[in-house]
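Before any comments, here is the structure.
Values quoted throughout were computed directly from the atomic coordinates according to the rules given, and no laboratory measurement underlies them. Computed from a predicted model, the values in this text were never measured in an experiment. All Cβ positions, glycine included, derive from the backbone under ideal geometry; neighbour counts span all protein chains shown.
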Amino acid sequence: MILSMTVMTPLLLLGAGLGAGLITLALSALWRAQIARRTAQLEDLVQKRTAELQESARERDALLSHLPGIVFRCRLDDHLTPVQLAGQTRELTGYDAEEFTSGAVAFAARMHPEDRAGFKSWLARLAAEPEYGECVFRLSARDETTRWLWSRAHAVRDQRGAPAFLEGLIVDLTAQKEAEAGRLRAERRLLDAQRLEGLGRLAGGAAHDFNNLLTGILGHTSLARLDLREGVPAGERLDQIETAAQGAVSLCQQLLAYSGKGRFTSETIDLNGLVRDVTALLQPSLGAQASVVLALAEDLPPLVADAVQIRRVVVDLIQAAAKAIGGQPGRITLTTGAIEKQPDTFAAFALAPEFPAERFVSLQIDADGGELDTETLARIFEPFVPTRVAPRGMGLAAALGVVRGHRGALHVANRPGAGSTFAFYLPAGQSRESIDADSLTPWRGRGTVLIIDDEDTVRSVARKVLEVFGLQVIEATSGTRGLELLRRHLDEIRLVMLDVVLPDLDGAKALRKIGAIRNDLPVILMSGYPEPPAQAVAGGPVSVSFLPKPFDAPTLLALVQKVVPGNQLPSGNEVL
């Protein structure tokens, strides 16, 4: 049945509308699905990129945290206000990065005052040039320690080309600077030690040669007395010659003390008591403006040393401290103590002990308000060099020699802004031996003495003295010749007098050869140095004595009497 057009038309219109709506709905659903899918993809991509950026930032922060410094970006203003800091900010400065970026701490204010002008000039150059620049400066950390820093940076410019920011890196140079300063100090100490050692060798060598000459003067003076009757005017002139020669001997002893080869006696010393005695003696001469304060340690270990020489050292150091203060009001503080040796005990000393003891007794003298100038510090231990604390004579050179001779150490330094310090350290309980001449008794010897010495004066004096007392003498000018004569006259020789320093064969080797020829033969070692080297007597004869030059007739005879057979003369037959 065919529907009429009137009925069909509305139906067709309704169907068309429903189809279009369905299509629209379908398209809308499809579009929403695509948007959702795309959104999900974008979210996944954002999450992935965010994770990558976070990982990159973490890696960057981890890398920067291991840098020995700080990566920075700061404004080019008067305070150098940081915008970003990364790395070891806290390790280098003691402050957190946020304290700088927030303005709580000003970077420029923590810079060392002496470096600020140079740092500003560096910033000005960076602002004017488009290149990187480097600068070294000091910064005061939170704990007030000074850090040495190195920076490499460049200026970041805005759209107009004007410098707006500073970007770069800061690295800690403190360890390198301290190592460099330590190396320079070590080099200076080495140079000082070499200079002082050279002067010491020169002084010791000169004293050795002078002692040989003085042996002739004193020996011949003693012999000249044998030809004079009592009361003859020439005796007084001999006394004057002998007095002058003894003065020269004293100077030689000072030179030897400076060289570290001085001769000392040994006795137990209470350092506290010695300091009290010396300060009481010197106080009137120090003046009213220099007050003395004693800070003496209780239960101080005994000091075994030459009391006369140590007293002289204390006097010299107190007087030096007083001269350091000058005419200004000041205080001299003397502090005694006992210390155990540490690896760095003598790190700052110009001359440290070669074989330091384990325990030391010390005296430190602080001169408040008396700093020393650089030239004085550099030459304070040089003999006969006028300085502020030692205007004439040996100065502190003799004190240094005495301390070194006791295996100790002497140190002089400034206390910046406070004054200067003079201190010595001596081994606790260290003992030294000395040889003293016994008083002569009337005596006449028997037998032959072999004298081996290259100095004609020494041989001549010794021969004449020995012959006066009945001994026969054979002379040799070298070690080789002396050994030949010893083998030839072995049955006659009762004693060998041997110089430690010989031109062809040194005394140590000659002594060992003598021991190999006849081990029971007495030997007297002679030297211008007042103590024989330890290696000189090793491997030699059993009986070895030592005779320091210069010597006079009584000293020589006192030693010869101990080792050469002879007869005591009746009373009244003295010949010297």
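Calculated FRET efficiency, Ala108 and Trp150, Cβ-Cβ r, R0 22 Å, to nearest 0.05?
Step by step, r from the Cβ atoms, then E = 0.80.
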Could you compute the FRET efficiency for Gln283 and Arg311, with r as their C-beta to C-beta distance and R0 at 22 Å, rounded to 0.05? 0.90
What ranking of Leu495, Leu400, Leu223 emerges when the number of other C-beta atoms within 10 Å of each C-beta is taken as an exposure proxy, fewest first? Leu223, Leu495, Leu400
Quick one: length gained pulling Leu22 to Asn519 fully straight, 0.36 nm per residue minus the C-alpha distance? 165.4 nm
Length released on extending from Gln54 to Ala179, taking residue separation times 0.36 nm less the Cα-Cα span: 41.0 nm
Once label points are set 7 Å from the Cα along Cα→Cβ at both Arg488 and Gln84, what is their separation, rounded to one decimal in nm? 9.9
Efficiency by 1/(1 + (r/R0)^6): what FRET value for Val468 and Asp506, r their Cβ-Cβ distance, R0 = 22 Å, to the nearest 0.05? 0.10
Burial order of peptide ranges 81-91, 480-490 (average beta-carbon count within 10 Å, highest first): 81-91, 480-490
Using the basic label-point model (7 angstrom from Cα toward the beta carbon), what is the Glu358 to Arg157 distance in nanometres? 7.3
Taking a cut-off of 18 Å between Cα atoms, list the lysines near Lys464, but don't count ones fewer than 8 places away on the same chain. Lys549
Potential extension, Val293-Arg75 segment - 0.36 nm per residue separation minus Cα distance: 72.9 nm
